[in-house]
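Here is the structure we will look at, set down as structure tokens.
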Amino acid sequence: MNDQERLLVVTGAGRGVGAATVKALLAMPNVTVIAVSRSLGSLMEAVGPQPRMEPCVLDLEDPSAAERLAQVVGARRLHALVHNAGHLHKAELGTHRRADLERVFLTNAIAPLELSQALAARLAGDPPGHIVHIGSMGGFQDSAKFPGLVAYSASKAALACTAQCLAEEFKDRGIRSNCLALGAVDTEMLRAAFPGFQAGTTAEAIGAYVAEFSLHGHNLFNGKVLPVATTTP
């Protein structure tokens, strides 16, 4: 990989904002994307085979996921890690089950931390590597909150705090970390959370923003939680 080539990892690449981010990145010159998805079929349907995309079928709930992704990256320099994969949990208060709560926190908060530390050696350097956490306005301090989404919102709040903590943990290693708190985006997940609501922002628009921010946002921001929203929801 020469000095002009850039390697990024995007999780949750098989649909929604993740797929849109991958497509936006691949439209840029000299960018290679390791596209992480639980389903190869979903990834191929959403993005299609691309010459600079490396599909990586991986379940982030698997205890070995971080180690396996590190093996896929190998000794290559990693320029950005985009934690986009997310799990929606919506339930009335009084009906939450331990297993459901563990799953939403594992996918939305624990797995990103595990992946970040596993890939730290590949992100470190000059120019700095960039860890981008895709959060939610539901987890943004003092934003509007909605019934049924306490677990999801709390897990995204944990992700936002993780992004800020990693900026401190990695400040001497040439790694920067930020969180983008997304508002209402027209995705399958939003429609499941808010049936009948029509978002005014497309996944493609947000994907283009995330792609650009992943490559350049670390030049201006570190340890920040940045709202990216026109409405919530």
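Nothing in this text is a laboratory measurement; each read-out follows from the coordinates by a stated rule. All values derive from a computational prediction rather than experimental measurement. Using ideal geometry, Cβ is built from the backbone for each residue, glycine included, and neighbour counts are taken over all protein chains shown.
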Practice item. Scale the Cα Rg of the range 1-123 by the rule-of-thumb value 2.2 N^0.38 Å and send over the ratio, two decimals. Key: 1.11
**Study point:** Space enclosed by the convex hull of the alpha-carbon atoms of the chain, per residue, Å³
**Key:** 116
**Study point:** Residue order, fewest to most surrounding Cβ atoms within 10 angstrom, among CYS56, CYS165, CYS179
**Key:** CYS165, CYS56, CYS179
Review point. Residue separation times 0.36 nm, minus the C-alpha to C-alpha distance between ASN30 and CYS165: what's the value?
Key: 45.5 nm
Check your understanding: Taking the Cα centre of each part, how many Å lie between the range 186-218 and the range 92-132?
Key -> 19
Practice item. Check cross-link reach from LYS90 to the aspartates and glutamates: straight Cα distance under 16 Å, and skip same-chain residues fewer than eight apart. Key: ASP100, GLU102, GLU188
**Study point:** Cleavage-rule hits (GluC sites (Glu not before Pro)) in the range 22-76: DSSP loop, at most 16 neighbouring Cβ within 10 angstrom
**Key:** GLU61
Point to revise | Inverse mean reciprocal Cα-Cα distance (Kirkwood Rh) of the range 148-205, Å | key: 13.4
